[in-house]
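The values are calculated or read from the model by the stated rules, or taken from the named source; none is laboratory data. Predicted model only: the values in this text are computed from it and were never measured. Here the Cβ positions follow ideal geometry from the backbone for every residue, glycine too, while neighbour counts run over all protein chains shown.
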Amino acid sequence: MGGLTGPQLRSLACPNCGAPVSVRAVGITLTVVCGNCGSSLDATDPDLAILKQSFAAGSRARIPLGTRGRLAGVEWEAIGYLERSGGGGQWDETLLFNPWAGYRFLIHAEGEWRLGAALDKLPSNDGRDLILDGERFRIRGGYDATVDFVVGEFYWRVAVGETVSVIEYAHASGATLSREANGSEVSWTRLELQGDGVVESAFGLEPPPADEPASQFGQRRAPLETSLIALVATVLLLFISVLGPSEKRLLEVQLMAVPDGPVLTETLGVVPINRHRSIVAVTSWANLENAWVDLDFALVNRATQERFEAYAIAERYTGHDSDGYWSEGDTAPTVHFASLPRGTYDLIVEASAHLWPARGYWDSPPDLAATPIRVTVAASSNAQVPGNLLLALVLIWALPTLQWLFYFNTGDN
C-alpha cells in the first residue's frame, strides 16, 4: 500500500487555550486532546466543545503525533497517545491510523513493543482458558488500568482519570489477549510482540538504552532460556556422575548376632582411601523376621586415630490385623561416610540383635536358644549418594519450575 491519502485534515483552534488542533480521522474520531493544554475536546462538535480540562501541558508522546511508519506491511500514522498505570506497572499506548486498515494500538512497556488490533469476534471459553482461532490462551492476571496522560485524537471518549478493568490471557508464542471493560462496554484486543528495533526503525526512533530493564511482558514469557540452561546442567551432572570414579568394593564380611544377647564388637577390616577425598558406603544385609539389629559403625584413621561414626538399623516386622497381612522395615540399610580424607581406616561395628515377640507380649522373656542372626556388611569407596544427586537436580530445576508456574498461573485471581 502506498502513502496515506484518504480524508483531509480538519484544523481548528482549541477553545480553551487557542492552540491549533488537527483532526485526522474526520467523521470517526470522537475525542481529540489538545497537545498544548491537555483539554479533552468533542471532535463531533463543530466548535470542539470542551469535555474535560486536564491541563497536562505539552505532548510527551514517545512517537510524535503525525509521525508515519510501516508495520506489518501497512503505513500507519500516530494520531493519539496516552499513558496508563495499574497492576503495579506503567506503560504507554500510541493509537495508529490508516484510512483503509483502520486503527491499531502500539503498546510500549519498559523496553518492549506490542502491536494490537481489536478483535472482530469473541474467543470461546474452555474453563479458565480462552480459545481463539484454535490457539489456547491461559489467564495471566487482572487489574485496573487508569489513564494518567492523554493527547491526540481517539475514536472513543477518553480523559485523564478514566479507569477500566483489564484481564490478560497469554499464548505460548508470546501473543496476548486483553479484555477491557468499563461500565458500558467490553472490548477485546490481540497483541503481538514486535522484534527488537522493529518499531524504532519503522518510526525513526532512537534505539532503547542497552541497560533498559526487562518489561512486565518479558518477565512473563515462557522461560525457555533458563529451562535450556537447567537441561544442559542436568546432562553435565549425569555425565560427571557416570564418568566419575567407579564405586570400588573394599571388603565384605559376615557376623553372627545373638538375639537379646551381648553386644557384639568387631573390627571388620581395613578400608584404604587413596583419593584426596572419597565417600565410603557401608551396607548391611540381614535375614530378619520380627526382629531388628542395631549397628553402630566407626571408621578410625590408623595414623591420626580420627574417628567417623554412623548408625544403621536393619529391621523387619510382620503380622495380621483387621486389614490383613502387613509388613514393614528395611533389611538392607546403607550409611555413607562423606568426604573422608586420604588414609587407612579400620571399620569397627557394634551390633546388638533383638526379637519382636511374635504373640505381641512385650514382657516375654528372651529366648536363650534363639538362632543367631547372620548380618553381612560390605564397604565401598567412591560411592554415589542418591540424595545428593536428587538435591542437585532440585536446585538446578527450582528456578525454571517456579518460572513455568508463574508463566501459567500468574495473576491476581
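If I ask for residues that are at pLDDT below 90 and among the aromatic types (F, W, Y), which ones from the stretch 226-285 would you list? Answer for the stretch 226-285, where residues must be at pLDDT below 90 and among the aromatic types (F, W, Y): just F239. Residues in the stretch 375-395 that are at pLDDT 70 or above and either acidic (D, E) or under 18 Å from L347 (Cβ atoms) (or both): V375, T376, V377, A378, A379, S380, S381, N382. The set of residues from the stretch 142-153 being touching a residue at least 60 places away in the same chain (Cβ under 8 Å), surrounded by fewer than 18 Cβ atoms within 10 Å (Cβ to Cβ) and closer than 20 Å to Y169 by Cβ comprises G142, Y143. Within the stretch 285-339, restricting attention to residues that are of a type in the set (F, W, Y) and in contact (Cβ under 8 Å) with a residue 24 or more places away in the chain, the residue that is nearest to N274 (Cα to Cα) is F337.
Check R104 against each of (1) in contact with a Leu (Cβ under 6 Å, 6 or more places away or on another chain); (2) in contact (Cβ under 8 Å) with a residue 60 or more places away in the chain and name the one condition it does not meet. Among (1) in contact with a Leu (Cβ under 6 Å, 6 or more places away or on another chain); (2) in contact (Cβ under 8 Å) with a residue 60 or more places away in the chain, R104 violates only (2). Contact map, the stretch 233-262: residues that are more than 24 Å from Y345 (Cβ to Cβ) and not assigned by TED's automatic domain parsing to the domain that holds T371 paired with residues that are modelled with pLDDT under 90 and surrounded by 12 or more Cβ atoms within 10 Å (Cβ to Cβ), Cβ distance under 7 Å, separation 6+ or inter-chain. Pairs shown: A233/I396; T234/L393; T234/I396; L237/A392; S241/Q384; S241/L389. Among the residues making up the stretch 170-201, those that are closer than 22 Å to W404 by Cβ and at pLDDT below 90 are A172, S173, G174. Here the condition is being surrounded by fewer than 18 Cβ atoms within 10 Å (Cβ to Cβ), at negative phi and modelled with pLDDT of 90 or more; of R70, R128, R60, R114, it holds for R70 alone. Check the stretch 315-324 and report whether any residue there is hydroxyl-bearing (S, T, Y) and touching a Gly at 6+ places or on another chain (Cβ under 7 Å). Yes, the stretch 315-324 contains a residue that is hydroxyl-bearing (S, T, Y) and touching a Gly at 6+ places or on another chain (Cβ under 7 Å).
Within the stretch 136-167, being small (G, A, S) and within 21 Å of S124 (Cα to Cα) holds for G141, G142, S165.
When every residue of the stretch 316-332 is checked against the conditions, at least one turns out to be in a strand (DSSP E or B), in contact with an Asp or Glu (Cβ under 7 Å, 6 or more places away or on another chain) and surrounded by 15 or more Cβ atoms within 10 Å (Cβ to Cβ).
Taking the stretch 184-207 as the range and being acidic (D, E), under 26 Å from V164 (Cβ atoms) and not in a loop (DSSP other than H, G, I, E, B) as the test, only E192 passes.
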